[in-house]
1. So, restricting to helices (runs of 4 or more DSSP H) that lie completely within segment 100-178, which ones have at least 1 residues that are of a type in the set (Ser, Thr, Tyr) and at pLDDT 90 or above?
2. Quick check on this structure: which one of ALA16, ALA68 is in contact with a Gly (Cβ under 6 Å, 6 or more places away or on another chain) and under 25 Å from LEU107 (Cβ atoms)?
3. Which of the residues belonging to segment 24-39 are surrounded by 11 or more Cβ atoms within 10 Å (Cβ to Cβ), under 15 Å from LYS56 (Cα atoms) and either modelled with pLDDT of 95 or more or not polar (S, T, N, Q) (or both)?
4. For segment 87-96, check the following and say yes or no: at least one residue is buried (at least 17 other Cβ atoms within 10 Å of the Cβ), at pLDDT 95 or above and over 25 Å from LEU167 (Cβ atoms).
5. From the list ALA66, ALA81, which residue is in contact with a helix residue (DSSP H, G or I) (Cβ under 9 Å, 6 or more places away or on another chain), surrounded by 13 or more Cβ atoms within 10 Å (Cβ to Cβ) and within 22 Å of ALA100 (Cα to Cα)?
6. Which one of these is among the acidic types (Asp, Glu), over 24 Å from SER179 (Cα atoms) and under 17 Å from the mean Cα position of the chain (by Cα): ASP19, ASP84, ASP103, ASP55?
7. For residues that are assigned to a loop (DSSP other than H, G, I, E, B) and either touching a residue at least 60 places away in the same chain (Cβ under 8 Å) or of a type in the set (Asp, Glu) (or both), tally how many sit in segment 36-79.
8. Between residues in segment 22-35 that are over 17 Å from LEU71 (Cα atoms) and touching a residue at least 24 places away in the same chain (Cβ under 8 Å) and residues that are loosely packed, with under 15 Cβ neighbours inside 10 Å and not polar (S, T, N, Q), which pairs lie under 9 Å by C-beta distance while being six or more apart or on different chains?
Amino acid sequence: MTSAAKPYHHGALEQALVDEAVRQVRERGTDQVSLRGIAQIIGVSPSAAYQHFPDKAALLHAVCHAGADELGRRMEGAVAAVPDEGAAGAIARFLGVGRAYVDFARLEPHLFRHVFGPAGADDKEAHGAPGPENNDEAQGPYRILLERLAELSERGLLRSGLDGAALDVFAWSLVHGFSSPLVDGFLPP
């Protein structure tokens, strides 16, 4: 008795494609990612992969979101790691999210470059930053930064009269401005 070959079915193909793409970006950078190659590694036909992502750019868009989500989880972890209340706790949580950002860049240089590179610039939604005109819609890593700044402000730890929009841009620029030369080897780890 012979059995007919069953067609391959992957129940979570879209997530598997993203996971493999994230793994490859982490390992080798964005330029080496191929949707067809990823389909082959996962064991599905390229046409099955193209059902979920019409092209490499769409897949890399999903990788950008996955990387920003990972950064957000690390920042949330830094916040949760500081149970202290009061001014000291607020300051420690604020510093923790900055350290989490820099650590993400240092430990995940290719993913960091991808999230904050051209793919991320085309997809500001991934970072959660709606723009200085409407911080009420912020989400992801940017929302976490805004929450920490709000906590500092609520506790009276910020100078009165500071422009909140300028402060969040300054704080984000500070950690990003430090992380970029660190990742590129201009600063020692």
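1. Values: elements: 109-115, 118-121, 140-154.
Per the criteria, 140-154.
2. Unique residue meeting the criteria: ALA68.
3. GLN24, VAL25, GLY29, VAL33, LEU35, ARG36, GLY37, ILE38, ALA39 - these are the residues of segment 24-39 that are surrounded by 11 or more Cβ atoms within 10 Å (Cβ to Cβ), under 15 Å from LYS56 (Cα atoms) and either modelled with pLDDT of 95 or more or not polar (S, T, N, Q) (or both).
4. No, every residue in segment 87-96 fails to be buried (at least 17 other Cβ atoms within 10 Å of the Cβ), at pLDDT 95 or above and over 25 Å from LEU167 (Cβ atoms).
5. Working: ALA81 fails: surrounded by 13 or more Cβ atoms within 10 Å (Cβ to Cβ).
Within the list ALA66, ALA81, the selection yields ALA66.
6. Details: ASP84 fails: under 17 Å from the mean Cα position of the chain (by Cα); ASP103 fails: over 24 Å from SER179 (Cα atoms); ASP55 fails: under 17 Å from the mean Cα position of the chain (by Cα).
Matching residue, one of ASP19, ASP84, ASP103, ASP55: ASP19.
7. To start, the set of residues in segment 36-79 that are assigned to a loop (DSSP other than H, G, I, E, B) comprises 43-45, 53-55.
From the residues that got through so far, the ones that are either touching a residue at least 60 places away in the same chain (Cβ under 8 Å) or of a type in the set (Asp, Glu) (or both) too are 55.
Qualifying residue count for the region: 1.
8. As it stands, the answer is THR30/PRO118; LEU35/PRO46; LEU35/ASP55; LEU35/ALA58, since those pairs meet every condition given.
The values are calculated or read from the model by the stated rules, or taken from the named source; none is laboratory data. All values reported here derive from a predicted model rather than from experimental measurement. Cβ coordinates were reconstructed from backbone atoms using ideal geometry, including for glycine residues, and neighbour counts include every protein chain displayed.
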